[in-house]
Structures are given as structure tokens and as C-alpha cells.
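See below for the structure under consideration.
The values are calculated or read from the model by the stated rules, or taken from the named source; none is laboratory data. Everything numeric here is computed off the predicted structure, so don't read it as measured data. With ideal geometry, Cβ positions are generated from the backbone for all residues, glycine too; neighbour counts draw on all protein chains shown.
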């Protein structure tokens, strides 16, 4: 199991030590990958898999705040599922390309075939694997090792070569990211190893493979910066010539390190971050993002472009006094898409098969988490239909999934529906068709995904004490480091070590309810005694402190001081939408309900025809 444990930064953007404490954080995308890897450990994610391994802390260095990793999500492809674009017809995938023999003189073994593919608009790695007939298990094997999510950044026109054996096992993946540069993933006894291969540089007359800077870029490369993209910008009348120096943020990087690597004097960085607001906004750079520095002939910084993701860039530009800063966002085209899927082993696998991204699957679980216990309620044959948004750039390339607009989930014959509604104030939330909020006072589970390893009972054989005793809560087994969520709004009543509970947090919710979370490996920030927490806020991380034989969270629910079974206790009912919004709600959600009904009829017709 690949979790990232980060050391809270003790250095500012200048690389100066500023003191501080250490902390741990689990990124969302790492959590999502952990979901795919922890199939058997979770129960919710299916019957097979491998147990999670604890992650080792990343080494701390003399660097600026660099926490987290790229949060882009790879598109998912739907083999054999119903997918319909509401606003535009989906792009048809090109026909599968036949396997080609390895080039003469290559190192490819005789029993290995080299399959080539060109990335097309809307492609994802999953779609390419499917097109080439490579099993999904091989995709998961290589993706789980790609901790920096580099393979989620495919772009149309790039080329991939997949080398597979006769039994369809992937041996090597070569992704030509740019002329002269490839990312190579090679199978090892422990999984896959990744490396960037720099090919021989093209001649002066050949096109350069650098990323596109500002208009007017030429080809002047200063010495001393061989590892980075360098371009020259041709001067216009009265405007000094500038060079664009580009760098991808590496793990442990700071702006100070990037400036030094690109050969830009430290004084230029000091002048840039002299403004406290600019200094603060430039601090959270993350691995995988791109920084471009435009400097003149005297190495004076004229402009900095920080590409935060595929959509958003922060631009700092030299002004009459100091620097001005602004955010630039790419214009996107949005369309509505409908898809459906059936549960065979887990929601995650069914969502992937239906073409949903990790983010959308997680959002779907969040919306339904108050009504469906995904640790024990799912059954084979349950099915769902979801209407959601997709965002595209002006070239038709998909950027990301948007909001879920409507959702229907049939669980054990019971239908749960959710509709997105935005109030005139701009507040958006999800409601049932009769206008009741999907957001209840309490969540059923303190973790997004987990397996019930021990239930509420008056007599249980204790695995450590080796005697029978009451178990007044529910244990959810999950990999160490999994975020533990507050199940309701409240105030932290206790935080600390509590006997056999180990590291524990107790939260008070109003006058009648309290919840307890035990055996943590650590606490989240802002959860000190007396602090207020919101429902869904991370309060700690799964561990095995106290009397525990393995990583899990022990969760208790008390009403007026009396322990109640968290899986069976009747929770406070959801509040209805305000009366003054009901007419607007019915008008805006009627088309969504009608579309869900059409999809339901289509599903019935397809099932009857089988």
C-alpha cells in the first residue's frame, strides 16, 4: 500500500529555516490509489487483493513548503457499460492496433510483443490498455506504482509502446512525452520502476520539444541549465530580449532550489517575495507542477508563471514597483454525461468499469454515505445511474469531471436518489426527490471505505486480553494512515491516550450524543480539546495504538451516555429544504428526474432483451 507521509515544512520559500513541528498528511489521490490496492483489506472493494504495507516517512530536507502530489485523475473507461453524452456525442475510440514485431536489434525478448498507440483526444491509460487488449490487472499493477500520478497526464499526439508477453503480462511501458524525452516503466520483481530517459538532443535545425511559452519564443539556450527547458523570446521594438526557463517541480523542491537550478540570482527571488501576499501564495508548490521564469539579458526576473494544474496558472509579473500577481484560468466547455453500472464486487470497480474517475466515485460515495453503509450493505446485482459534468478545453481534450447532477442507487431493492440543487445564495447541496437533504446529522461510518472486523456485542473474546468482555462499538479495519472522519458536527471533548483505547478522540454533538474514535496512529491538526469540528473533517489516522492486534479504528456511538450499536441506532432525520425554495427546486430538478426515468427504462429494456 503506497501512502505518502509528509514532514511539515520547517523552511520558507527562500529555503530559510523557520522552525515548526512535524505532521502527517494523507493526500486524496494517494487515498484513492490505496482504495484500488487494498481490495481485500477493505472488504468494500472486493474479495481479493494484498494486505497493506505501512509507508516509511519521507526524508525531510532543507526545502520550502512542498506538500502533496499531483491531484489530476486519469480518465476511466467503461468496458461493456451504458455511457451516454447528453450534450454531445462521445468520441468513438479508434480501432485496436495490431501488435507489431519489435524493431530489429532491440532488446525486446522473442516472446514479447511491442504494441504501439497514439494518444487521441479524450484518451486515458485505461482506454488505451483496453484498446490494445491488455488486461485491467496489468493497468492496476503499473498505476499503483506511479505514486506521482505522471501517467494521468497523457496528451493527444503522444505515443506509447507497451511490451507484453504471450500471456498478456506487461513488461515495459514507454511513454514519449516530448521529442528526446520518454518515461519508461519497467517490470521488476517488486512491481514497476520508473525512469525518465533523455534521448540524444536534436540538431539546431530540428524543432525543439520545449513547452510553449509566451508568444515570440525563439531558441537561445544559456549555459549552466542543461536539464531544464530553455527558450529565447525575440525582442520587439523597445522591449528587451528575455529567456523563458522552465522547470518541473520535483519532490523536496522550493522556489529557492528552482531559481538556483535555473541559474537565476537569489536576489531576484528576494525581490519577488518581498510582498508578503506573493510570498504566501507561492509557498504551496507541489511535485509535478511547472514553473516558468522569464528573465532578461541581465538575469533580471520579468515574469513567473506557476502552472498549478491543467486549468489554473498563477502569474507574477514585474510592475512599476515590485510585482503584480493574478490567476489565469483556461476557458472550459462543459457537457453532461450519463453512465450506469452494476456491482459485482465493489463500488470502486463498478465505477471504473462505468468510466467514472476516482474523484467522481468518491463523490458518489460521499453523497450516499448517510443512507448506505458501503462496508456491509452492498450486494452483487446492486446498480447505479449517475448524471455528471465533464469539462473540456478548446481543443476538445477532456480536462476533468465536474459535479454530479443526479444519482440513483438501487441497493437490495431499495432505491436511493439524490439531486443537486443550488439555492439563490449560491449554496449547493444534494436532496432527495421530495426535498429532504441527503446530509444527515451523522454519517454511518468514520472512514470512507473499510471492513467491519468486529461488531457491537455484550460478549466478545478479546484478542489481546484473551477473555470475554463487552465490545461497545464497531471496529473498521483499514490500512494504517487511512483518514478517520468526524461522523457529525461537534466539539472535541477529549484528545489523548486512553488506556486500552490507545490514541483516542471523543467528540460531543449537542447535549445528547458523543462519538469516540480509538487506536489512532496520530491526530489531525485543529483537533485539540475544545476545538469545533465539522462532519467529514479528518480528526486522525488509522493505527493500532493501545490494545490492538492490527490497524483499525474502534468507533463508539453514545446517546445520553449509553452505548448504542452504531450500525443499528436510529439517527436523527434529515432536515427538509426551506419552503421558499421548494417551487424552484421542483422546476430545476424535474428534467434530471425525467432523464433518470428514461435511463431506468432503458436498463429494464436491455435486461429484458438478454
Which members of the stretch 404-421 meet the condition of being more than 16 Å from residue 370 (Cβ to Cβ) and in contact (Cβ under 8 Å) with a residue 60 or more places away in the chain?
-> 405, 406, 421
Is it the case that some residue within the stretch 154-162 is surrounded by 15 or more Cβ atoms within 10 Å (Cβ to Cβ), outside any loop (DSSP other than H, G, I, E, B), under 26 Å from the mean Cα position of the chain (by Cα) and at pLDDT below 80?
-> no
Would you check if residue 407 is over 30 Å from residue 539 (Cα atoms), in the same structural domain as residue 584 (by TED's automatic domain parsing), part of a strand (DSSP E or B) and touching a strand residue (DSSP E or B) at 6+ places or on another chain (Cβ under 6 Å)?
-> no
Check 303, 321 and return the single one that is in the same structural domain as residue 285 (by TED's automatic domain parsing), farther than 26 Å from residue 156 by Cα and surrounded by fewer than 16 Cβ atoms within 10 Å (Cβ to Cβ).
-> 321
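For every residue, the table says whether it meets (1) modelled with pLDDT of 85 or more; (2) buried (at least 21 other Cβ atoms within 10 Å of the Cβ).
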residue	(1), (2)
332	no, no
375	no, yes
386	yes, yes
394	no, no
410	yes, no
Residues within the stretch 163-182 that are closer than 19 Å to residue 132 by Cα and crowded, with 16+ Cβ neighbours inside 10 Å, tallied | 9
In the stretch 347-369, what residues are in a loop (DSSP other than H, G, I, E, B) and surrounded by 22 or more Cβ atoms within 10 Å (Cβ to Cβ)?
-> 354, 355, 356, 357
Considering only residues of the stretch 287-300 that are touching a residue at least 12 places away in the same chain (Cβ under 8 Å) and part of a loop (DSSP other than H, G, I, E, B), which is surrounded by the fewest Cβ atoms within 10 Å (Cβ to Cβ)?
-> 297
Given the structure, is residue 209 modelled with pLDDT under 50, outside the structural domain of residue 291 (by TED's automatic domain parsing) and either closer than 30 Å to residue 144 by Cβ or in contact with a helix residue (DSSP H, G or I) (Cβ under 9 Å, 6 or more places away or on another chain) (or both)?
-> yes
Filter result for residue 538 (under 28 Å from the mean Cα position of the chain (by Cα) and modelled with pLDDT of 90 or more) = yes
Scan of the stretch 118-144 for residues that are farther than 21 Å from residue 351 by Cα and at pLDDT below 85, ordered by number | 120, 121
In the stretch 260-284, what residues are buried (at least 21 other Cβ atoms within 10 Å of the Cβ) and within 17 Å of residue 325 (Cβ to Cβ)?
-> 269, 272, 273, 282
